[in-house]
Amino acid sequence: MIFRKQPRQFRISHLVSVSVLALTLGGAAFWSDSDYASTAPALSYAQEDLNARADLRQREGVLSGVTPSLSLLDAPAAAREEATASSEELTVEDNVIHEGSPRHLVAEYISRTFRVSMRDARQITDWAVEIGEARDLDPLLILAVIGTESSFKPTARSNAGAEGLMQVMTSVHEAKFDAFGGPEAAFDPYANMVVGTDILSYLIRRTGNVRRALKWYSGAANLEDDRGYGARVMREHGLLTVAAEGRTDAAVKLHRAGKSASEGGAGNAAKLGFAHWTKLSERTEGAPRARNADLRGKAQAS
């Protein structure tokens with residue numbers, strides 16, 4: 001699938017501020033604090049979204065909000081075998097740091113892990129950075145939600161009506177797609193990412209914590225736990241971080257083995273703002289060569 005570029009008036013420039021984005025999406029793009037606290041008989045849009053997602057999980061046992069046909073369980077046999085392959089320890093070569101921009105390295109990981117074209121993976125990554133900057137959200141968190149929710153399938157649709165890359169409940173958030181031409185835009189990758197990120201960003205501000213926001217995003221706000229949803233998203237975030245640092249082979253291997261990245265610092269951050277991505281992007285050009293030489297030198301000495 002080749003993603004078409006959005007018309008200029010619908011794209012978020014990297015210079016656009018959060019306030020301008022709010023005007024672009026319109027007042028309906030945001031919920032007031034009273035929406036979640038309301039006890040009126042008519043549930044708020046936000047509560048309808050949470051209830052619909054919670055109902056989906058209770059009926060289907062689907063943690064990510066996508067239908068079973070979009071999960072690893074129903075993937076081709078070869079893909080299942082590769083994904084559950086050897087859990088052997090990472091080798092020196094696995095830890096070699098690839099040279100390239102963090103965007104390219106992240107796109108390479110997405111392409112190899114989720115079997116999408118490199119062109120599409122790079123386009124989604126670019127959009128995640130663009131939208132993340134406008135919303136002060138780590139682009140890797142956006143991508144981690146996409147990987148968990150839809151495995152980067154823009155046409156994904158759950159039985160409960162969650163649609164697109166970030167599995168937005170379109171019937172609940174229909175007004176948010178007005179700026180993109182209507183609810184049909186839910187399957188447009190860019191539009192879905194804008195709306196999904198707006199919802200996630202609001203929940204982080206509302207709850208004050210990424211983990212709690214993910215619990216609410218999954219539809220488990222009123223449940224005892226999220227059945228592992230938040231852990232799955234943060235595991236994916238950790239692997240994307242490893243890839244962004246240049247260790248794409250290690251990230252892919254860890255994902256296929258069902259393991260998490262050993263570096264867990266970023267996952268404990270309260271809000272995971274855009275600064276996390278900025279720091280990753282500020283690596284010096286000589287760092288990969290120096291690190292690789294050191295790794296290989298230690299391997300030869302042992």
Measure of compaction for the stretch 162-249 (Cα Rg per 2.2 N^0.38 Å):
1.21
Result for the stretch 110-171: accessible area per residue, probe 1.4 angstrom, in square angstrom, of 27 Å²
Heavy-atom accessible surface of the stretch 155-244: percent carbon and sulfur, 1.4 Å
45 percent
Give the accessible area for Trp277 in Å² (nearest 10); use a 1.4 Å probe, count only protein heavy atoms, and leave out ligands, DNA and RNA.
10 Å²
Expected unfolding gain across Ala257-Asn159 under the 0.36 nm per residue rule, minus the alpha-carbon gap, is 32.4 nm
Compute the whole-percent fraction of alpha carbon pairs in the stretch 123-163 spaced more than 13 Å apart.
55 percent
Just to verify a number: what accessible area does Lys271 come out at with the full protein assembly present, 1.4 Å probe, Å² rounded to tens?
120 Å²
How much FRET efficiency would the formula 1/(1 + (r/R0)^6) give for Ala175 and Asp126, where r is the Cβ-Cβ distance and R0 is 41 Å, rounded to 0.05?
0.95
For each pair in Lys153/Lys279; Lys153/Lys215; Lys176/Lys279; Lys176/Lys253, compute the distance between the two Cα atoms and list the pairs where it is over 26 Å.
Lys153/Lys279; Lys176/Lys279; Lys176/Lys253
Between His98 and Thr278, what FRET efficiency follows from the Cβ-Cβ distance if R0 is 22 Å, with the result rounded to 0.05?
0.65
Using a 1.4 angstrom probe on the protein heavy atoms only, could you order Met169, Met118 from most to least accessible area?
Met118, Met169
How long is the gain from Glu184 to Arg119 if the chain were fully straight, where each residue apart is worth 0.36 nm and the alpha carbon distance is subtracted?
21.0 nm
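The values are calculated or read from the model by the stated rules, or taken from the named source; none is laboratory data. Because the structure is a prediction, the values reported are computed rather than measured. Here Cβ is always computed from backbone atoms with ideal geometry, including for glycine, and neighbour counts include all displayed protein chains. Areas reflect the complete protein model, heavy atoms only, side chains present, ligands, DNA and RNA absent. Shrake-Rupley method; radii C 1.70, N 1.55, O 1.52, S 1.80 Å.
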